[in-house]
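Visitor: Dropping the structure in here first, questions after.
Every read-out reported here was derived from the displayed coordinates using simple, explicitly stated rules and does not represent laboratory data. This one's a predicted model, so the numbers in the text were calculated from it and none came from an experiment. Cβ sites come from the backbone with ideal geometry, for glycine too, and all protein chains shown count toward neighbours.
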């Protein structure tokens, strides 16, 4: 693993710190603040890391600047903003067993066996990323199968969506899970056929039964995870991220990184619950901290689970399991009470809702709360994956932000067809329809559920196709969005979703100089080329933060006063 501590020893930024920097001779592309795109050939960055001016063809450049970057005709775009991700989980996924690339149960078990052998001192076998649908398995894996490769050591492997976990017998025993253990509210313990004996997979709220027994990460583990996550994000051109489900321990790790000058990306936090909201924010959202690197905005709530583990809350039973309608985590009254508790202190509220009944319930709560809480609330629905077409117009009534992840559509389409059946696909991953209803779009990845690859997401958004080019005309092609809308959703729209539209998401006068040099023009290149876009350099606040030539994070350069 590459650690940020190692990077701190290695590289010095080429441009002087806190100096005027002219970036010129570029093919510049940026949202224009009106939903469109504007082009430019150069821009000037001030000593405070903000853009002072843009230059188009024929504009006069300043005669004297302290430093100049010749773009050599390369494409420049704003830094990508991931509107929904999990920073700490992304870091830990790089530090533990990764099963996201496995294509069969046997391959997954082989990787578990190899990891177990390579880490004999680890008290638990921990990992994530498995997906039984990707394995072509029409069932969940079992504890007995995991037992074969874990040597009696407890193992806990989170499903790719984070809404289910796979335990071996030792882990089930550590959690005291037996045939007599009841399913918790909002969760399910899968059982062996014809028996009450736990089979090995726990869904949604039931995952807490095992997770309560896991070794707690040390502060230094969290510090390493922050560094690992930053490397993954910066290498893909992500300069800011909305961290959904921030705990007080996560927040303190972000603060430690910033105190040491090791926080390069910008993190906008949404607390994991009411308790964390109070511990982090106190009486209200925090101000921007560390030169606009860190802010606590609001509260993230979870209303239902995911389609893949049949936890998404549907209005009608699952097409492939008539006994299931999903696993709601609370009712509308409980949801409204929590939303109200946050809104009364001006915290922004973001609610995870995937199924059509979950989305309706959030929209009903917003209808009710909007009568009390006036002003610019920017209620957010995270994912909004399956929406009854009758409910789509309601997104526009209160300007509800649709925080969606294009990569999910490409990954989930076959599974969604099986789970929903043909009659419920019209409102699935309905980006264009929801935007047409008046909802601001904010795109992200849900990293580590999907890798934080914004240019891959752009390609999916403008084609509704996977990496294999399937389906040829796109899946539910009426929901394809324009290139302009897709780029806006990954930049200006994502900034708006986190109350940062006055400083992030554009290359424009007064904005933070967060930008990328890339090898592809996303407005012109074929979709396959857009998907394969390479980030050459990532700049944050007018300073180089990551370079493909070095493949590592570059420490922030301070001036002689340590600023």
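Visitor: Per residue, how big is the convex hull around the C-alpha atoms of the range 41-120? Give it to me in cubic angstrom, could you? Before the final figure, lay out the partial values.
Guide: Details: hull volume 18.0 nm³, N = 80.
Hull volume normalised by residue count: 225 Å³.
Visitor: Here's another thing I want to ask about it. Relative to the longest principal Cα axis of the chain, at what angle does helix 248-259 sit, 0 to 90 degrees, rounded to 10?
Guide: 20 degrees
Visitor: Alpha carbon centre of the range 504-525 versus the range 34-96: separation in Å?
Guide: The distance from the Cα centre of the range 504-525 to that of the range 34-96 comes to 5 Å.
Visitor: Now for a different question. When you have a sec, figure out the Kirkwood radius of the range 339-406 from all distinct Cα pair distances and drop it here in Å to one decimal?
Guide: Details: mean 1/r = 0.0834 Å⁻¹.
The Cα-based Kirkwood calculation yields 12.0 Å.
Visitor: For a test of the definition: using alpha carbon positions, the gyration tensor, and the 1.5 limit on a/c, classify the range 442-524 as rounded, prolate or oblate. Intermediate results must be reported in sequence, preceding the final value.
Guide: Working: a/c = 1.98, a/b = 1.86, b/c = 1.06.
Prolate is the answer for the range 442-524, as a/c is 1.5 or above and a/b outweighs b/c.
Visitor: Give me the Å³ per residue figure for the convex hull around the C-alpha atoms of the chain. List each step's numbers first, then the result.
Guide: Working: hull volume 81.3 nm³, N = 563.
Enclosed volume per residue, from the Cα hull, is 144 Å³.
Visitor: Kindly identify the range 87-211 as rounded, prolate or oblate by the Cα gyration tensor criterion: order the square roots of the eigenvalues as a ≥ b ≥ c, call it rounded if a/c is under 1.5, otherwise compare a/b with b/c, prolate if a/b is larger, else oblate.
Guide: Numbers: a/c = 1.40, a/b = 1.36, b/c = 1.03.
Taking the square roots of the gyration eigenvalues as a ≥ b ≥ c, the range 87-211 is rounded.
Visitor: May I ask you to work out the translational diffusion coefficient for the range 182-232 at 25 °C, viscosity 0.890 mPa s, via Stokes-Einstein with Rh from the Kirkwood sum over Cα pairs, reported in whole µm²/s?
Guide: Values: Rh = 13.3 Å.
Value of D from the Cα-based Kirkwood radius: 185 µm²/s.
Visitor: Another one. Angle, helix 356-370 long axis vs. longest principal axis of the chain, Cα atoms, 0 to 90°, nearest 10?
Guide: 60 degrees
Visitor: Among rounded, prolate and oblate, which fits the range 154-259 when a ≥ b ≥ c are the square roots of the eigenvalues of its C-alpha gyration tensor, a/c under 1.5 means rounded, and a/b larger than b/c means prolate?
Guide: Prolate, because a/c is 1.5 or more and a/b exceeds b/c.
Visitor: Follow-up question, since we're still on this one. Using Cα pairs closer than 8 Å and at least 6 residues apart in sequence, work out the relative contact order for the chain, in percent. Don't skip to the answer; put the middle values down first.
Guide: Working: 1280 pairs, mean separation 102.4, N = 563.
It rounds to 18 percent for the chain.
Visitor: Over the range 114-157, one equal point on each Cα, no solvent: what is log10 I(q)/I(0) by the Debye formula at q = 0.22 Å⁻¹?
Guide: Log-scaled intensity ratios, in q order: -0.81.
Visitor: From the C-alpha coordinates alone, can you work out the Kirkwood hydrodynamic radius of the range 303-490, in Å? Before the final figure, lay out the partial values.
Guide: Values: mean 1/r = 0.0601 Å⁻¹.
Evaluated on the range 303-490, it is 16.6 Å.
Visitor: Determine the equivalent ellipsoid of the range 267-313 by diagonalising the alpha-carbon gyration tensor, then write out the semi-axes as square roots of 5 times the eigenvalues, largest first, rounded to whole Å.
Guide: They are 28, 13, 6 Å, listed largest first.
Visitor: Continuing with the same structure: I'd like the antiparallel share, as a percent to the nearest 5, of DSSP beta bridges with both residues in the chain. Working shown, then result.
Guide: Working: 40 of 83 bridges.
Roughly 50 percent of the beta bridges in the chain run antiparallel, per DSSP.
Visitor: With a 10 Å radius around each residue's Cβ, average the other Cβ atoms per peptide and rank 78-84, 392-398, highest first.
Guide: My ranking of the peptides, most packed first, is 78-84, 392-398.
Visitor: Two decimals is fine: what is log10 I(q)/I(0) at q = 0.29 Å⁻¹ for the range 149-189, from a Debye sum with one equal scatterer on every Cα and no solvent?
Guide: Result of the Debye calculation: -1.09.
Visitor: Starting from the Cα gyration tensor of the range 230-298, multiply each eigenvalue by 5, take the square root, and state the resulting semi-axes largest first in whole Å. Before the final figure, lay out each step's value.
Guide: Details: eigenvalues 82, 30, 22 Å².
Equivalent ellipsoid semi-axes, largest first: 20, 12, 10 Å.
Visitor: I've got another one for you. Based only on Cα atoms, what mean projected area does the convex hull of the range 384-464 have, in nm²? Present the calculation step by step, with values, prior to reporting the outcome.
Guide: Values: hull surface 20.5 nm².
Spelled out: convex hull of the Cα atoms, projected over all directions, averaged, 5.1 nm².
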